[in-house]
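The next block holds one structure in the form of structure tokens; read it before the comments.
The values are calculated or read from the model by the stated rules, or taken from the named source; none is laboratory data. Worth saying up front: this structure is predicted, and the values here are computed from it rather than measured. Glycine also receives a Cβ, built like all others from the backbone with ideal geometry; neighbour counts cover every protein chain displayed. These accessible areas exclude ligands, DNA and RNA; they are computed on the full protein's heavy atoms, side chains included. Shrake-Rupley method; radii C 1.70, N 1.55, O 1.52, S 1.80 Å.
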Amino acid sequence: MITVARVAKGKNGFYEVDLSNGETLRVSEDLLIKFRLLKGLELDEKTLAEINKNAHYDVGVQLALNYISYQLRSEKEVRTYLKDREIPGSDREKIIAHLKDLSVLDDKIYGESYVRTQMRLSDKGPAVIKQQLRQKGLTPEVIENALWLYDDKTQIEVAEHAAQKILKKIHNKSFKETKQKLQLTLRQKGFSGDITNLVLANLELEIDEDLEKEALKKAGEKLWRRHQNKAPQIRKQKIKQSLYQKGFSLEEIQQFIDEQEE
């Protein structure tokens, strides 16, 4: 017969029950009282199995409550968290159901809160947020309903702010390449083509001839050095091609080449 050798207060409101066979049980106060787990108590195999079964559930509930106490979590995140801590699958599902009954686990509320937070604190567009919510395990219907909060007006405001930050990081690019970079980056951040085009139009970007010439000069001189060992005709051809792809006009490119040759 197995007996209780020691009972001690553990972390997070649990108790550690040491048994004569060397096993240690981690149980809640409710379970401690229910089975009257005091030092010297004798336990048969059936009772021990029942304690173990209930202990996994109790520990799982407390772990889950601690996990979601810091911030909202999705059902998938809680399941993964419990699985990583070796809570049995049957107990995981019961714990999820219990948390939903307590209204502390709700993917609808989680999705809406996530979208509001991203709208306020990030520069992500709806497409990126949608993908992130998929990874969190939310259903397509829940995701679409949450994204209704991210209306066009808010998208334009967030995208314009993101565009201004992007512009500050773009240096020595042609006017055309700058616009292309803006457009590409906004699309990568998850904004639609329509929103991106509206933002670019609102920015009212205008070409600055001096900056354009300076950008061409820096890019051209770099290419000139790179191809300096090639035959003159091949060098000019490669430089023309590269600068044209960067958005500079053929007239400006030719003028630069002429100046270099002089």
What's the FRET efficiency of residue 30 with residue 128 using the Cβ-Cβ distance as r and R₀ = 35 Å, to the nearest 0.05? 0.20
For the chain, the longest principal axis of the Cα atoms and the Cα long axis of helix 250-261 enclose an angle in degrees, to the nearest 10, of 70
Can you compute the helix-only [θ] at 222 nm over the chain? Use -39500 (n - 2.57) per DSSP H run of at least 4 residues, normalise by all residues, nearest 500 deg cm²/dmol. -21000 deg cm²/dmol
Can you compute 3J(HN,Hα) from phi for each residue in the range 178-190, using the Karplus curve 6.51 cos²θ - 1.76 cosθ + 1.60 with θ = phi - 60°, rounded to whole Hz and x for Gly and Pro? 4, 5, 5, 5, 4, 4, 5, 5, 5, 5, 5, 6, x
Cα pairs beyond 16 Å in the range 136-188, in percent, come to 55
How long is the range 1-61 along each principal axis, judged by its Cα atoms, biggest number first, in Å? 30, 21, 19
In degrees, nearest ten, helix 107-121 long axis to first principal axis of the chain (Cα): 40
The chain: Kirkwood hydrodynamic radius (Cα pairs, Å) comes out at 24.2
Short version: ³J(HN,Hα) in whole Hz for each residue of the range 21-29, in order, from phi by Karplus 6.51 cos²θ - 1.76 cosθ + 1.60 (θ = phi - 60°), x for Gly and Pro, what are they? 8, x, 7, 10, 9, 10, 10, 7, 5
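Would you mind telling me the share, in percent, of accessible area of the chain contributed by carbon and sulfur at probe 1.4 angstrom?
Values: 7730 of 16510 Å².
The computed percentage sits at 47.
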Enumerate the calculated ³J(HN,Hα) couplings along the range 133-138 in order (Karplus 6.51 cos²θ - 1.76 cosθ + 1.60, θ = phi - 60°), each rounded to whole Hz, writing x wherever the residue is Gly or Pro. 5, 4, 5, 7, x, 6
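Give me the one-decimal Kirkwood hydrodynamic radius in Å for the range 66-209, with the sum taken over alpha-carbon pairs. Write down the numbers at each step before the final one.
Details: mean 1/r = 0.0577 Å⁻¹.
Hydrodynamic radius (Kirkwood, Cα pairs) of the range 66-209 is 17.3 Å.
So if I place +1 on the C-beta of Lys and Arg and -1 on the C-beta of Asp and Glu, and nothing else carries charge, what would the dipole magnitude of the range 158-202 be about its Cα centre? I want it in debye, nearest 20. Write down the numbers at each step before the final one.
Numbers: 9 positive and 3 negative charges, 50 e Å.
For the range 158-202, the charge dipole is close to 240 debye.
Counting pairs of Cα atoms in the range 32-119, how many percent are more than 15 Å apart? Write out the running numbers ahead of the final one.
Working: 2409 of 3828 pairs.
Tail fraction, whole percent: 63.
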